[in-house]
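The values are calculated or read from the model by the stated rules, or taken from the named source; none is laboratory data. Quick caveat, the model's predicted, so the values are computed rather than measured. Methodologically, a virtual Cβ is constructed for each residue, glycine included, from the backbone with ideal geometry; neighbour enumeration extends over all protein chains shown. Heavy atoms of the whole protein, side chains included, go into the accessibility calculation; ligands, DNA and RNA do not. Shrake-Rupley method; radii C 1.70, N 1.55, O 1.52, S 1.80 Å.
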Amino acid sequence: MKTVIQRVNRASVTVEGEVKGSIGKGFLILFGAEPADTDEDCSKLAEKISKLRIFEDENGKTNLSIKDVGGDILSVSQFTLLADCSHGNRPSFIGAAKPDEANRLYEKFNSELRARGLRVETGVFGAHMVVDLENDGPFTIVL
């Protein structure tokens, strides 16, 4: 399982001209699942993200979590995070989970985030999405 977490001032995802998810301050999370990933991995990752302290406190130190600042999450499935570019110039996606299982894990991950009291907006699994965001920092973490 791989995620890219970006601290944002705002983010949205649009499919065929319609906004499907939109947040203000919080995290834009790009999520990719691998064949060996489990429900337990989703739970552990959601726990880590819910406690990740990458927002600034009153002293300018990155000491606050998304819950501390009342932030939201925009979660977007992105199998391309599992691209293998080690051979040639065309990426291989053999390392990504099959679509049905990847979607199940994506939904489980989002459910685990919600179970921790976070508001989660999503994109549309498997759709061509346009993601718009305003990075804050920028501050980007890969887990």
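Within the set of pairs 6+ apart or on separate chains, which have a first residue in the stretch 71-82 that is more than 21 Å from G24 (Cα to Cα), a second that is of a type in the set (V, I, T), and C-beta atoms under 7 Å apart?
L81/V4
Could you look through the stretch 63-88, keep only residues that are polar (S, T, N, Q) and modelled with pLDDT under 95, and pick out the one that is farthest from the chain's Cα centre (by Cα)?
S86
When both residues are 6+ apart or on different chains and their Cβ atoms are under 7 Å apart, which pairs have a first residue that lies in the stretch 1-19 and is without any contact (Cβ under 8 Å) to a residue 60 or more places away in the chain, and a second that is assigned to a strand (DSSP E or B)?
Once the first residue is without any contact (Cβ under 8 Å) to a residue 60 or more places away in the chain and sits in the stretch 1-19, its partners that are assigned to a strand (DSSP E or B) give V19/S12.
Could you check the stretch 63-88 and list, in sequence order, the residues that are farther than 23 Å from D136 by Cβ and either touching a strand residue (DSSP E or B) at 6+ places or on another chain (Cβ under 6 Å) or open to solvent by less than 20 Å² (accessible area, probe 1.4 Å) (or both)?
Across the stretch 63-88, the qualifying residues are F79, L82, D84.
Restricting to the stretch 89-104, name every residue that is outside any helix (DSSP H, G or I) and open to solvent by 60 Å² or more (accessible area, probe 1.4 Å).
The answer is N89, R90, F93, I94, K98.
From the list F27, F55, which one is closer than 23 Å to L133 by Cα, touching a residue at least 40 places away in the same chain (Cβ under 8 Å), in contact with a Ser or Thr (Cβ under 8 Å, 6 or more places away or on another chain) and aromatic (F, W, Y)?
Just a single option satisfies the conditions, and that option is F55.
Give the residues of the stretch 121-142 that are in a loop (DSSP other than H, G, I, E, B) and open to solvent by 60 Å² or more (accessible area, probe 1.4 Å), sorted by residue number.
Listed by number, the residues that qualify are F125, G126, H128.
Which one is farthest from the chain's Cα centre (by Cα), of the residues in the stretch 105-120 that are buried (at least 20 other Cβ atoms within 10 Å of the Cβ) and under 19 Å from S22 (Cβ atoms)?
Result: L118.
Could you please find all residues in the stretch 28-60 being closer than 18 Å to A11 by Cβ and open to solvent by 10 Å² or more (accessible area, probe 1.4 Å)?
Passing the criteria: L30, L52.
Are any residues in the stretch 5-56 part of a loop (DSSP other than H, G, I, E, B), over 12 Å from the mean Cα position of the chain (by Cα) and on the phi < 0 side of the Ramachandran plot, and if so, which ones?
Within the stretch 5-56, G24, K25, E34, P35, A36, D37, T38, L52, R53, I54 qualify.
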